[in-house]
Every structure is written in structure tokens, then in C-alpha cells.
């Protein structure tokens, strides 16, 4: 809802929310009902906070007095800092000294007179309300009366402003976080019935927008799908605590998200690396799925989301065969159309580079480029134009056909992301055998004028690689000892350096690069087959 009348009404509500209440509302001494944060923290990240370092999504920045992080940090990092979700990392350490440190950080933040305007954005305020209430017993319950009064007063003020700001201008997963924060406030401050009423008016429209019919999240990001499922699971628990009837659409939305998220996991339990995603802890992913409370097999296709899962034996190929998320939903969108990842049992073989969503623009854009994905790139140009907060020119027509027979899979897809710049269509055909031990591909450029192009296969850093057969093939060796051979016809094969940002820390790795011949057929056939 970003049209003029709705924005005017939202701004008017925000202005009124800042005014003193016409009726005297007593600030409670403590939350009326407990709000529990259900997710585990990371002790290593908590130890970093004690050293005045804040780490999120693989990026670490120095913490500052009051403001927490410098104004020059990325929006994602500043949002994380002012959302206080990192309190769970301190809670994971658990000592009295850590409790005191957490209290001090909250107190300094409340006392800061000129806070970052981003701290008032609905999703950031919602995350902060939920985090403060969810960790109240940890850092506030044993504090003196003065601290608790200031904390509860700020919670009340933030909740009033948040209620006035909904529905949020952010149309992506951040809107769910905002709603969760307001419902948390409604549970802890039940005298303010307007909080719950506002949240329950907004939630149904967010469920309809956020969760596609196939269960994929509207941002087409496994990481945001996981975040949305976490928020919705918490919302369900909060409404149960408040003895409030949930919207009819809540349970079906959770039920659709669960199998869809399973479909975007590799054999190691971590997430596939598309559109701003990192592996994430397989333990966390499993916990979120368990909390959601629904089993369900991973689907072979998320047709609305555009992801396809080819599973044969214990091997899994996950391909991005959908158009990038539309404007206002594309903040984490990558130019990775028709890229794929391939895992062998619990070991990843072919990957995308990953993401650096909280880093500076140089690293963030490098990971979003087509070259950072296991797909074809024309003339060192990304298939979608990278903008600071989304995409410009993009692949808006992606066609796909998927067939399977007797356990074998055929996938054919094409996209027009290069049509405007080069008059070219990229077409990719994939075949995965019944055993999962034979993966074959064909990449074609359909264009009147031949184009320079390369095809990249980024390797997981645990994979060893060496060129053999006079440069005609690359032998890939998994940590378990299993061997695979990559061959190509119609391109020059080389082994080059790469980087992997899918895990907690950046790691050096390698990539197999197939360089096409511009004066030859714009077609490359390749195969990745198990050795022995």
C-alpha cells in the first residue's frame, strides 16, 4: 500500500501516535504475560558482542556507544543492530556478566538522543519489540526499577508508533516482522487492545501477498522463506498465548511454506544459495521446520516461485528457473537466472558463490552478479541489471519444461534477460540420470549476432579439483573420496580461482570456466559424471 491516500493516512496516524495520549495510560512495571524467543543463539557471535563486534550474515563491524553501529554501515547491518535480535547470541553465553552487558547496551541505546531514523522503520521496531520482550527475563527482570521503567516506556512508545505505521510500506518479509512485533506488544501489554486489533487487520493481507500458492515466498529467497516461516511460527504461538483466534489463512500459509522450504535444502540440511541466501545452520532450519509442526515431502517443482528440484538417489540438483522477484520485492534479488546447484549426498559439489547482504555495495553487488552463479554469462554482463535496492533491466520471460520418467529428470528452460542488450536468448537443458551419477547439460545462445560468453561451475571449497586429459576434463574430488569428472564440448575449459560466501566465513575455492568460441556455434555440451 504505497498510494497517496494510504500514505497520508499512515503519516497522520504516526503523527498522532507521537502525541501524549488523551487518556492517562500507566506504563506497566513489567510485561503482563511472558513472551519467549524460541530460537537458539550463537555463543561465538555473542562472544564477539562482548568484544564490541557485531556479526551478521558473514559481515562484522565495530560496535559504537549508543548508536551500536556507524551510520555508514549498510541498511541491512544497521537494521540488524537496531532490531536487537543479537540478544539471543548473548543469551547463549548465559553468565551474569553477559546479562549485565546486555542490559548496558539496551540502556545506552535508549539514552541516545539522536538515533538512526532507520531504527523507527516498522520491521526494525517490530524486531526490537519482539527481542526485548523475548529476552526480558534474561536482561531486564533482575534490573532496578529505573531501568525497567525506561524500558517499558520505550516499548510502549515503539508499539504505539508501530501500530500507527501499519500496514507497512515494505511489501516483503519485513512486513511480517513488523506484525510480529505488534502482536508481541499486544501479548505483553494486553490493556492496549488496539495493538492486537491493528495487527489482525493487517496480517491476512500480508499472508496473501507473502506466501505464494506453491509455498514459495514472494521474494524468491530461501533465506527470506526461512525468516518468514520463523515469524509466522512465532505469531501463531503469540496468538495462542493471548487466547486470540488466528486469521483463517495463517495455518494454511505455514502448511504451504514447510514443504517448499524443504525443497530448497541440500542433502546437508542447509539452504540453497539463491537471492541473498547463505547455507544457514542446518540445525536451525530443522528446528524451524519442527516448530512449524508439519511434515511433508520436498516438492519437485515450485512453479510459482520458479525453483525446480531434481532428486535422483541421494543426489540433488536445485535450479532457479523463475523470473526475478518484481519491483518492491527484489531487495535481495540476484542475476542468477538458470543457475543451479548440485549436491552429492551430504556434500555440495556445484554451488553459487553465496551472498553478502550486510556488506558494502562492492561485495554485495559482486555476489549478486551473474558471474557469481553457476550459469552462462554473455560479454561479462549480468542477465539482470543490479541496482542498490533491487533490479533494473531483468529477465521477465522465463520458460521452463520439466519431465521425469523412471527416476530420471529432464529440465529445459530459457530466459530473455539478454534480449535487450544483445538480442539473445539463453537456453539451458539439463538431464539427471536415474542413479543421480550422470548429469548432462547443454547451453545455447540464440542470437542473430554471435556473442562472447562463458559458463561457470563454482565449486564448494571442500571439493578438490585438477585439470586432466590435456585440458579436456577436470577431476573433482569430494571430501568423502568420491570422484566426479567434468567434460565439455564446444568451449575451452579452464580452472580458475573463486570465493565462497555461503558459510559463516568467506573461503577460497575454485571454479570451472567454459569459454565459448564467438566465431563458432553458440552451443556448449557438458557432462558431470561419477568416476568409478
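Coordinate-derived values only; no laboratory data. This one's a predicted model, so the numbers in the text were calculated from it and none came from an experiment. Cβ coordinates were reconstructed from backbone atoms using ideal geometry, including for glycine residues, and neighbour counts include every protein chain displayed.
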Completion exercise
The Rg/Rh figure for the chain, Cα atoms and Kirkwood Rh, to two decimals is 1.00
Problem - Ranked 460, 334, 282, criterion: other C-beta atoms within 10 Å, fewest first - result: 282, 460, 334
Exercise for the section: Kindly list the residues of the range 339-362 that lie in the label zone of residue 62, defined by a backbone N under 19 Å from the point 7 Å along the Cα-to-C-beta vector. Expected result: 359-360
Exercise for the section: Averaging sequence separations of C-alpha pairs under 8 Å and six or more residues apart, then dividing by the length of the chain, give the relative contact order as a whole percent. Expected result: 10 percent
Handout entry: Fraction of alpha-carbon pairs over 29 Å apart in the range 1-190 - percent
Key = 19 percent
Practice task
Using per-residue counts of other Cβ atoms within 10 Å, averaged over each peptide, order 463-470, 269-276 from highest down.
Solution key: 269-276, 463-470
Fill in the blank from the handout: Taking the alpha-carbon centre of each part, the distance from the range 40-71 to the range 450-491 in Å is 38 Å
Handout entry: the range 315-531, relative contact order [Cα under 8 Å, separation at least 6], %
Key = 18 percent
Practice task
Using only alpha carbons, build the gyration tensor for the range 250-332 and give me the equivalent ellipsoid semi-axes, biggest first, whole Å.
Solution key: 19, 17, 14
Exercise for the section: Based on alpha-carbon positions alone, could you give the equivalent ellipsoid semi-axes of the range 315-531 from the gyration tensor, as √(5λ), descending, whole Å? Expected result: 25, 21, 17
Fill in the blank from the handout: With a Förster distance of 25 angstrom and the Cβ-Cβ distance between residue 387 and residue 71, calculated FRET efficiency to the nearest 0.05 equals 0.70
Exercise for the section: Before anything else, pin down the relative contact order of the range 46-199: Cα pairs under 8 Å, at least 6 apart, normalised by residue count, whole percent. Expected result: 22 percent
Completion exercise
Given a Förster distance of 60 Å, the FRET efficiency implied by the Cβ-Cβ spacing of residue 243 and residue 529, rounded to the nearest 0.05, works out to 0.55
Problem - Inverse of mean 1/r across different Cα pairs in the range 415-495, Kirkwood, Å - result: 14.9 Å
Exercise for the section: Using a 10 Å cut-off on Cβ atoms, rank the peptides 182-192, 139-149, 503-513 from the highest mean neighbour count down. Expected result: 182-192, 503-513, 139-149
Practice task
Sort the range 69-179 into rounded, prolate or oblate with this rule: let a ≥ b ≥ c be the square roots of the eigenvalues of the Cα gyration tensor; rounded if a/c is under 1.5, and if a/c is not under 1.5, prolate when a/b is larger than b/c, oblate otherwise.
Solution key: prolate
Problem - Euclidean distance of C-alpha centroids, the range 90-157 and the range 216-265, integer Å - result: 26 Å
Exercise for the section: Arrange the following residues from fewest to most other Cβ atoms within 10 Å of their Cβ: 363, 39, 132. Expected result: 39, 363, 132
Handout entry: Paramagnetic reach from residue 153 in the range 95-138 [backbone N under 15 Å; point 7 Å along Cα→Cβ]
Key = 107-113
Completion exercise
Here the FRET efficiency for residue 26 versus residue 142, based on Cβ atoms and R0 = 25 Å and rounded to 0.05, is 0.65
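Determine the calculated [θ] at 222 nm for the chain from helices alone, applying -39500 (n - 2.57) to every DSSP H run no shorter than 4 residues and normalising by the residue count; nearest 500 deg cm²/dmol. Present the calculation step by step, with values, prior to reporting the outcome.
Details: 15 runs with 183 residues, N = 532.
Counting only the DSSP helices, I get -10500 deg cm²/dmol.
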Problem - Residue-span extension gain [residue 435 to residue 295] - 0.36 nm each, minus C-alpha spacing - result: 47.8 nm
Problem - Distance between modelled label sites at residue 114 and residue 469, nm, 7 Å Cα→Cβ extension - result: 6.6 nm
Practice task
Any chance you could check the Cα centroid distance between the range 394-431 and the range 300-345 for me, in angstrom?
Solution key: 12 Å
Exercise for the section: Give me 484, 410 ranked fewest to most by other Cβ atoms within 10 Å of their Cβ, as a rough exposure proxy. Expected result: 410, 484
